[in-house]
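Notes to accompany the following structure.
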Amino acid sequence: MRQKQTIEFKRDLRAAQADRESLAAKKAALQMRARMLASIRAWFAAQGFLAVETPVRLPAPALEDYIEATAAEGQYLRTSPELHMKRLLAAGYERIYQIGPCFRKDEKGARHLPEFSMLEWYRAKSDWRQIQRDTVSLLRTVLQDCRQELCCRFKGQTLDFAADWDEISVSQAFRKYAARELQQCLQEGCFEEVLVSKVEPNLGLERPCFLSEYPLECSGLSAPVAGKPGFVERWELYVCGLELGNACSELLDPAEQERRFQACARLRQSQGRPVYDMDQDFMNALWLGMPKCAGIAIGLDRLAMLLCDAQNIDQVVAFPS
């Protein structure tokens, strides 16, 4: 018994030593991450935003087609702070931001963690174009503060953040990079597959790229594009094929929002996946009225990957889950 305990103790010590060496190797990345967070907070303070905190454990997460929530003692860990932050907007808070942990079940890989850090901000009396301008200003500031230049190397490419950023619509991108019509892909149920395999690898190879005007079917919380039925005011930001952020003008029509949530619930049920309750507090806030507004979520671990030219998200997180 004593010999067995000794062997196990030595094994534990070897594991502890390997863990210590792994943490020591991340020191430069974690220092860069700290500078990134300081720069972000300073930018928001200068722009007059209020830092807010919202619950991490919720009775139900937002209903989204392909995002799974992690159960936590009869409730769920948030996949995003979005719905609570919109309730703050409805209550009269005009500029708000939040940095904090979010959780998504079964997401693990070189670019994904089941627990990750999210930056999310919203502006009242605003739209997706204003959030676009915010994003350009913020990321240029972060790059200048952290790297003292507006160019950086990532995945073997040199990215120029000083030049005008690119933009292409989802429809145009499907034609250009996949030789497919968007509507055909939606009808065949292969939108996500084509996006990931054919479109995303071609986005943001020389400078950041906004992929804009998503189909309504893929955007349950976004406002429609005026004069373009079936499309919404939503864009995602890419660098070297890596999605950094997801922004939109927010849907304000409570009846339409309820219809979209119900459609999402039916889809999830048909696929045998969990169906979460509708967040009635959020819906009540919509029925009482919410100002025109827009917001964005940015994955901070991925932004740290960019700043550090890291190939794996584990390299920029002290204790990846």
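The values are calculated or read from the model by the stated rules, or taken from the named source; none is laboratory data. Just so we're clear, the structure is a prediction, and the values are computed from it rather than from any experiment. Positions of Cβ are backbone-derived with ideal geometry, glycine not excepted, and every protein chain shown enters the neighbour counts.
Just a few scattered comments:
- Residue selection: residue 195 fails the criterion of being within 26 Å of residue 120 (Cα to Cα), at pLDDT 95 or above, aliphatic (A, V, I, L, M) and not in a helix (DSSP H, G or I).
- Test for residue 233: is it in contact with a helix residue (DSSP H, G or I) (Cβ under 6 Å, 6 or more places away or on another chain), crowded, with 20+ Cβ neighbours inside 10 Å and charged (D, E, K, R): yes
- The residues on offer are 277, 281, and the sole one that is in contact (Cβ under 8 Å) with a residue 40 or more places away in the chain, part of a helix (DSSP H, G or I) and of a type in the set (Asp, Glu) is 281.
- Test: residue in the stretch 285-302 that is in contact with a helix residue (DSSP H, G or I) (Cβ under 6 Å, 6 or more places away or on another chain) and either of a type in the set (Phe, Trp, Tyr) or more than 28 Å from residue 44 (Cα to Cα) (or both): yes
- Qualifying residue in the stretch 158-174 (condition: assigned to a helix (DSSP H, G or I), over 23 Å from residue 247 (Cβ atoms) and without any contact (Cβ under 8 Å) to a residue 40 or more places away in the chain): no
- In the stretch 247-262, the residues that are part of a helix (DSSP H, G or I), under 27 Å from residue 189 (Cβ atoms), touching a residue at least 12 places away in the same chain (Cβ under 8 Å) and not polar (S, T, N, Q): 258, 260, 261
- Subset of the stretch 31-67 [surrounded by 13 or more Cβ atoms within 10 Å (Cβ to Cβ), at pLDDT 95 or above and part of a loop (DSSP other than H, G, I, E, B)]: 47, 49, 52, 54, 56
Quick grid of which residues meet (1) of a type outside the set (D, E, K, R); (2) free of Cβ contacts under 8 Å to residues at least 60 places away in the same chain; (3) at positive phi:
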{"position": "11", "(1), (2), (3)": "no, yes, no"}
{"position": "16", "(1), (2), (3)": "yes, yes, no"}
{"position": "21", "(1), (2), (3)": "no, yes, no"}
{"position": "24", "(1), (2), (3)": "yes, yes, no"}
{"position": "30", "(1), (2), (3)": "yes, no, no"}
{"position": "34", "(1), (2), (3)": "yes, yes, no"}
{"position": "48", "(1), (2), (3)": "yes, yes, yes"}
{"position": "51", "(1), (2), (3)": "yes, yes, no"}
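- Matching option when the condition is of a type outside the set (A, V, I, L, M, F, W, C) and under 30 Å from residue 278 (Cβ atoms), among 54, 6: 54
- Selection count where residues are out of contact with any Ser or Thr (no Cβ under 7 Å at 6 or more places or on another chain) and under 24 Å from residue 75 (Cβ atoms), scope the stretch 27-62: 9
- Residues of the stretch 215-234 classified as touching a Cys at 6+ places or on another chain (Cβ under 8 Å) and free of Cβ contacts under 8 Å to residues at least 24 places away in the same chain, total: 1
- Taking each residue of the stretch 135-156 that is closer than 17 Å to residue 304 by Cβ and in contact (Cβ under 8 Å) with a residue 40 or more places away in the chain and looking for partners that are aromatic (Phe, Trp, Tyr) and outside any helix (DSSP H, G or I) with beta-carbon atoms closer than 7 Å, six or more apart or interchain, yields 139/161; 143/161.
- All positions within the stretch 5-30 that are among the basic types (Lys, Arg) and in a helix (DSSP H, G or I): 10, 11, 14, 20, 27
- Given (1) surrounded by fewer than 20 Cβ atoms within 10 Å (Cβ to Cβ); (2) part of a helix (DSSP H, G or I), number of the condition residue 89 does not satisfy: (1)
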